[in-house]
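The values are calculated or read from the model by the stated rules, or taken from the named source; none is laboratory data. Since the model is a prediction, treat every value here as computed from it, not as a measurement. When we count neighbours, we look across all protein chains shown, and the Cβ atoms used for this are built from the backbone with ideal geometry, even at glycine.
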Amino acid sequence: MRRFFIWVLVCFLIPLGTPAMASVNDICAAVADLKLTYSIALRTRSVDTPFAALRGLGSLSRDFTAYLVRNPAPNLSEIATRLTTRFNQWNHSAGIQSLNEDAVRSTMYWNLSIIQRDLTFIGGALDCGSVVAARSSSRTARRGDNQQSLSEDLKRTFKKLVPSGGYLAIFATLIALLAIIFYPRKKKRGSTRRICNIPLHIYYGKQCTVTRIVDLSEGGMKIEATEKYMGQTWAEYNFAGFQREGKVAWRNTAYAGVKFRKCLTSEMIKTAMKYNNKPLGESGIEKTAPACFHVGCHKNCVDHLPPTLSSKQRNPVRGTS
């Protein structure tokens, strides 16, 4: 009986969690649409639907800003501010709306080229690749306007089953569903991801990196990657007064996922989150890092490997015409 009430409660609460996910879906969909519009326009350097693209940018700016209110991330806040500023500039009466049709299409192409890097970073931070794939599968499943409704299919199937002993089949199906729902399963250990901005020192033996953690859980973390790929070897990760051995499980152009050799405890997670948004000098790294570590050591160290994202933010590549 207790499992039954838990099952009913889960079914009731699942819809309540959809607005937050819908927000991520909307953001990822807008990112994908803007990148697709830009890729189509590459050949002619002209956007066929410039005002639709501008409205898409406005929606992305609003949804992304609202998302960051619920899930603060300082490294992404700068991008949200830039997108909002650019949308307001381009949507102003003195912006592209004051140009003729051909000029609007060409200008919107160059505008989209300027924000491509920001769109890529948003997609990487929110794992939009998996979200867009799920969205595409959902669209495919909804296609087929000429197909009959589900209720009609069920009625026709029921009529076929009843004359041929369908009652027994229906009863057996219900028993199987109840068994699936209420059969006791082995509990799996959960791992909650926490978005953060925690300073991190990585030691590879002869080389090191000062970077940051953007996503932390008991079993691993998502970090800002180094420009040089170190391979799937065990390395020392120092953060918040802790040291953990970890190995890179996946990597893209800006981020990497690290799996710990030994999981963190919930108390260690709580302690680590106290160092969220702390400067390097107050990060607790010095408690476990090598003796040569000090604030600013990475600026002149020949063995230092700079992180990809920070170096690009410090030296952004501007759009050219």
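Among the residues of region 270-279, the ones that are crowded, with 18+ Cβ neighbours inside 10 Å and assigned to a helix (DSSP H, G or I) come to 1 in all. Beta carbons closer than 6 Å, at least 6 apart along the sequence or on distinct chains, pair a first residue in region 234-256 that is under 18 Å from M273 (Cβ atoms) with a second that is of a type in the set (K, R) and modelled with pLDDT of 90 or more for Y237/R244; G241/K287.
Does E286 fit the bill of being farther than 17 Å from D215 by Cα and in a helix (DSSP H, G or I)? Yes: the conditions hold for E286. Checked against the criterion of being hydroxyl-bearing (S, T, Y) and modelled with pLDDT under 85, the candidates Y275, Y204 yield just one match: Y204.
Entry remark, region 228-258: residues being surrounded by 14 or more Cβ atoms within 10 Å (Cβ to Cβ) and within 22 Å of S283 (Cβ to Cβ) number 18 in total.
Restricting attention to region 289-321, the residues that are surrounded by 11 or more Cβ atoms within 10 Å (Cβ to Cβ), assigned to a helix (DSSP H, G or I) and either modelled with pLDDT under 75 or touching a helix residue (DSSP H, G or I) at 6+ places or on another chain (Cβ under 8 Å) (or both) total 7. For region 253-276, filtering for residues that are of a type outside the set (A, V, I, L, M, F, W, C), within 21 Å of T120 (Cβ to Cβ) and out of contact with any helix residue (DSSP H, G or I) (no Cβ under 6 Å at 6 or more places or on another chain) leaves 2. For region 102-147, the set of residues classified as modelled with pLDDT under 85 and β-branched (V, I, T) consists of V104, V131, V132, T140, listed by residue number.
Restrict the check to region 205-212 and report whether at least one residue is assigned by TED's automatic domain parsing to the domain that holds V295, under 15 Å from P290 (Cα atoms), in contact with a His (Cβ under 9 Å, 6 or more places away or on another chain) and assigned to a loop (DSSP other than H, G, I, E, B). Yes, because at least one residue in region 205-212 is assigned by TED's automatic domain parsing to the domain that holds V295, under 15 Å from P290 (Cα atoms), in contact with a His (Cβ under 9 Å, 6 or more places away or on another chain) and assigned to a loop (DSSP other than H, G, I, E, B). Checking each residue in region 213-226 for being under 16 Å from G124 (Cα atoms) and either of a type in the set (G, A, S) or in a loop (DSSP other than H, G, I, E, B) (or both) picks out only A225. Of the residues G257, G231, G219, G246, the single one that is at positive phi and either outside the structural domain of P72 (by TED's automatic domain parsing) or of a type in the set (A, V, I, L, M, F, W, C) (or both) is G231. Within the span defined as region 227-246, every residue fails to be assigned to a strand (DSSP E or B), modelled with pLDDT under 95 and β-branched (V, I, T).
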